[in-house]
Structure formats: C-alpha cells, structure tokens
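Below you'll find the structure, written out as structure tokens, and then a few comments.
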Amino acid sequence: MSLRFSYQRFKIKHPIPSLAGRQERPRPILAVTLIGPSGSCSEDALLDTGADDTLFPEALATVLGIDLSQAPSGTGAGFGMHAATVRYAEVTLRIADNQEQREWKAQIGFTSARLRQPLLGYAGALQFFTATFHGDREELELTVNATYPGN
Amino acid sequence: MNDNRKTGVFIDSKRYNENRNRLPPELLEPYAGQYVAFNAEGTCVLAHGEDHFAVEAMLRATGVDPETVVYARIPGADEDTWL
C-alpha cells in the first residue's frame, strides 16, 4: 500500500522559462496533522528531500500544548544562510489519502525563523518512507519502510 | 503525551490537494503572502490573516473549530521561484 498525492499547483503571473512558459508551479505539498499533548493542527507542508529536519513554526508549539522552554535545541540555516535556532519536541504526525492513514511519533523542530512553508524533511518524516516523486504525473507516492515507527 | 489529547479532524490529503488545484487562482490572489485556513476538503477559504494566530482568531470569531481546518501560507506575488 502507498499513499498518493497530487502536487499542489500555484499560479504564477508570468511564463516560467524553465517550464517552457507554463504559468503554474507544481509543488509536492500535502496537509499533515500534528498532534500534541493538548491540541492538534493541520498544516500544508512541503516534502523536501533537501531538508535535514521536519520543521514547523514555533507558534504551533503553543497550539499543540508543547513547552519549548527546556527543549533541546540546535541551529539551522536555509537558503539565506542566516542561522536560526531550532528547538525539538515530540509530536504525533498524521498523513492520509482516501485509502490509507499513517500516524507516527517523531522529534520535530520548531523555529521562530520565518518559513516559506513548513517542511517534512529527512528526520521525523522522510526517514520512515520510500518517497517516489512522479515528475511526469506531478504525483507523490509514499510507502512506509522498515523503520516506520507508527501504525 | 496523555490519552486525552485531541486528535484533530481526518484530512484526506489526496482529495484536499485535488480540490485545492480546482480553486480558481483569482480566489487566492487577495491572500498572497498571507496565511489562510482552508476547510478540510480544500474547497474554500474560511479565514485569513498575517499569521497563524490571526487566522485562528478569525476562525473562532466565526464559530469554526481551528482543529477542523488546514492552515496554509499563500505564496507572495514575488515568489515565482522557491530556492
């Protein structure tokens, strides 16, 4: 069994030279539900094979009932190369399509840095799946692997 | 994590994305650069604001449970390419 999602398509005002003049960007974004000690929240997140961690805005920790004051932390840097603090906490993540639902616990990062999109990166997400990016169909396929810790 | 945690609404992301892709681009243009809340099916925008908390406040003001929606950031008009 695999989870399958179409890419989300975003309208662009100008023709995109690298996409033969197409005026929309297909991006592998899907809705993921985060479940914490006292709340849950569903957010669009980008499947990003270049992201080391799964990363969400710090504001969400409050919504989920997570106290980050004593949380282990590290630093991260994105395209702008500005260092930002990342604090880690355990949450339950859930993704589903019309045939399959997957829910697992993971340590994910929270940051006060401005994120273009929350990221489903290697640690906490992609490490547990075999991900196939069907560029021709603009479709993403996720299959749990042997390390998947959830149900 | 205690057993009384709230587990949120079930989101079928396949259907959600398919419906999101059907939305006319003009519908989302006013929200460029903002955060919005879509309904769980991805068929309409329920609230918008400058950040997560502004969206949540708008949802509560209109009687919508924030745990039943999907939050998303609509790319700004200058975000043709993500690097």
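Can you give the relative contact order of the stretch A:8-85 as a percent, counting alpha carbon pairs under 8 Å and 6+ residues apart?
20
The string of couplings for the stretch A:112-124 from the Karplus curve (6.51, -1.76, 1.60, θ = phi - 60°) is 8, 5, 5, 9, 5, 8, x, 10, 9, x, 5, 5, x Hz, one whole number per residue in order, with x for Gly and Pro. Judged by the gyration tensor of its Cα atoms, with axes a ≥ b ≥ c, the stretch A:67-107 is oblate; a/c meets the 1.5 cut and b/c is at least as large as a/b. Can you bin the stretch A:91-139 into rounded, prolate or oblate? Criterion: square roots of the alpha carbon gyration tensor eigenvalues sorted a ≥ b ≥ c, rounded for a/c under 1.5, prolate for a/b above b/c, oblate for the rest. Oblate, since a/c reaches 1.5 and b/c is not below a/b. Pairs of Lys residues in the protein assembly as shown, spaced 8 or more positions apart or belonging to different chains, with C-alpha separations under 27 angstrom: 5 in total.
With the simple model of a label 7 Å out from the Cα in the direction of the Cβ, A:A146 to A:Q101 spans 2.9 nm. When the stretch B:32-76 is described by a simple charge dipole with +1 on each Lys and Arg Cβ and -1 on each Asp and Glu Cβ, the residue from B:T68, B:G33, B:V55 located farthest towards its positive end is B:G33. Placing a pseudo-label 7 Å from each Cα along the Cα-to-Cβ vector at B:E50 and A:T75 gives an inter-label distance of 2.9 nm. What does the C-alpha gyration tensor say about the overall shape of chain B? Classify as rounded when a/c is under 1.5, otherwise prolate if a/b is larger than b/c, or oblate. Because a/c hits 1.5 or more and a/b exceeds b/c, chain B counts as prolate. Given the stretch A:24-145, report the % of alpha carbon pairs whose separation exceeds 19 Å. Of all Cα-Cα pairs in the stretch A:24-145, 45 percent lie more than 19 Å apart. Where the centre of each part is set by its Cα atoms, how far does the stretch A:109-134 sit from the stretch B:4-83, in angstrom? Here the answer is 19 Å between Cα centres. Dipole magnitude for the stretch A:24-151: about 300 debye, using +1 per Lys or Arg Cβ and -1 per Asp or Glu Cβ, origin at the Cα centre. The order of the peptides A:99-105, A:116-122 by mean Cβ neighbours within 10 Å, most packed first, is A:116-122, A:99-105.
Sequence-distant contacts, meaning Cα pairs under 8 Å at least 6 residues apart, place the relative contact order of chain A at 28 percent. Taking springs between alpha-carbon atoms closer than 10 angstrom, which of A:G39, A:G109, A:G124 fluctuates most in the Gaussian network model of chain A? Maximum among the listed residues: A:G39. Each of A:Q127, A:G21, A:F56 was placed along the dipole of chain A (beta-carbon charges, centred on the mean Cα), and the one lying farthest toward the positive end is A:G21.
Can you tell me how much longer the chain between B:Y31 and B:A61 gets when fully stretched, taken as 0.36 nm per residue apart minus their C-alpha distance, in nm with one decimal?
Length difference between fully extended and current span is 8.9 nm.
Label zone of A:Q23 (point 7 Å out along Cα→Cβ, amide N under 17 Å): in the stretch B:53-83 this covers B:77-81. For the residues A:V63, A:V91, A:V32, a GNM of chain A with alpha-carbon springs under 10 Å puts the largest fluctuation on A:V63. In a simple Cβ point-charge model (Lys, Arg +1; Asp, Glu -1; nothing else charged), the protein assembly as shown has a dipole of about 180 debye relative to its Cα centre. Cβ crowding within 10 Å, taken as a proxy for footprinting-reagent exposure, orders A:M1, B:M58 from fewest neighbours to most as A:M1, B:M58.
Return the FRET efficiency for the residue pair B:R22, B:T81: r is the Cβ-Cβ distance, R0 is 22 Å, and the value is rounded to the nearest 0.05.
Numbers: r = 24 Å, r/R0 = 1.09.
Efficiency at R0 = 22 Å is approximately 0.35.
Can you tell me, using C-alpha contacts under 8 Å and at least 6 residues apart, the relative contact order of chain B as a whole percent?
About 31 percent, as a whole number.
3J(HN,Hα) along the stretch B:13-21, derived from phi through the Karplus expression 6.51 cos²θ - 1.76 cosθ + 1.60 where θ = phi - 60°, amounts to 5, 5, 5, 4, 5, 4, 5, 4, 5 Hz, with x in place of Gly and Pro.
The modelled label-to-label distance for the pair A:D136/A:A113, using points 7 Å beyond Cα in the direction of Cβ, is 3.7 nm.
Bear in mind that the values in this text are calculations on the coordinates, not laboratory data. Keep in mind the model is a prediction, meaning the values are calculated, not measured. Cβ coordinates were reconstructed from backbone atoms using ideal geometry, including for glycine residues, and neighbour counts include every protein chain displayed.
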